[in-house]
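Heads up, the thing below is written out as structure tokens.
The values are calculated or read from the model by the stated rules, or taken from the named source; none is laboratory data. Every value quoted in this text rests on a predicted model; they were computed, and no experiment measured them. Every residue, glycine among them, receives a Cβ derived from its backbone with ideal geometry; neighbour counts consider all protein chains shown. Accessible surface is based on the protein model in full, side chains and every heavy atom, while ligands, DNA and RNA are left aside. Shrake-Rupley method; radii C 1.70, N 1.55, O 1.52, S 1.80 Å.
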Amino acid sequence: MFVSRYMPCERCGESLDRSIDAPHECAPDRLVEFEMFGLREEIAELDARYRSYLRTPHGRFECWLAARHVRRSR
Ligand SMILES: [Zn+2]
């Protein structure tokens with residue numbers, strides 16, 4: 001069985017050399033990119049889910065309420 005020398009960090013996805021015994025510290029920007037990559041499907045669906053919500057009774061009420069607030073703030 002082939003065992004790779006490199007393993008991805010579970011938190012940030014960075015390729016880590018397992019033969020080097022050094023602590024790994026995840027880079028904050030890499031952590032964010034990795035999280036965003038993991039959420040890509042949810043992010044892609046967000047607009048459709050939001051529009052779907054706006055067609056529900058609660059969503060229509062929220063739209064009505066928001067429009068009312070805008071009208072009153074003028
Ligand atoms: Zn990491």
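How much of the accessible area of segment 1-40, in percent, comes from carbon and sulfur atoms when a 1.4 Å probe is used?
58 percent
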- [ ] Calculate the length of the line joining the C-alpha centroid of segment 57-74 to that of segment 1-21, in whole Å.
- [x] 52 Å
TODO: Return one whole number: the accessible area per residue of segment 1-55 in Å², for a 1.4 Å probe.
DONE: 94 Å²
TODO: Sort 1, 7 by accessible area with a 1.4 Å probe, largest first.
DONE: 1, 7
Open item on the list: Could you tell me the calculated FRET efficiency between residue 4 and residue 44, based on Cβ-Cβ distance and R0 = 30 angstrom, to the nearest 0.05?
Closed with: 0.45
- [ ] Using 0.36 nm per residue of separation minus the Cα-Cα distance, give me the extension gain between residue 14 and residue 74 in nm, one decimal.
- [x] 16.5 nm
TODO: Enter the accessible area of residue 4 (Å², nearest 10), with the probe set to 1.4 Å and all protein chains included.
DONE: 40 Å²
Open item on the list: With a 1.4 Å probe and all protein chains kept in place, how do 34, 61, 2 rank by accessible area, largest first?
Closed with: 2, 61, 34
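Rg/Rh for the chain to two decimals, with Rh computed the Kirkwood way over all alpha-carbon pairs.
1.36
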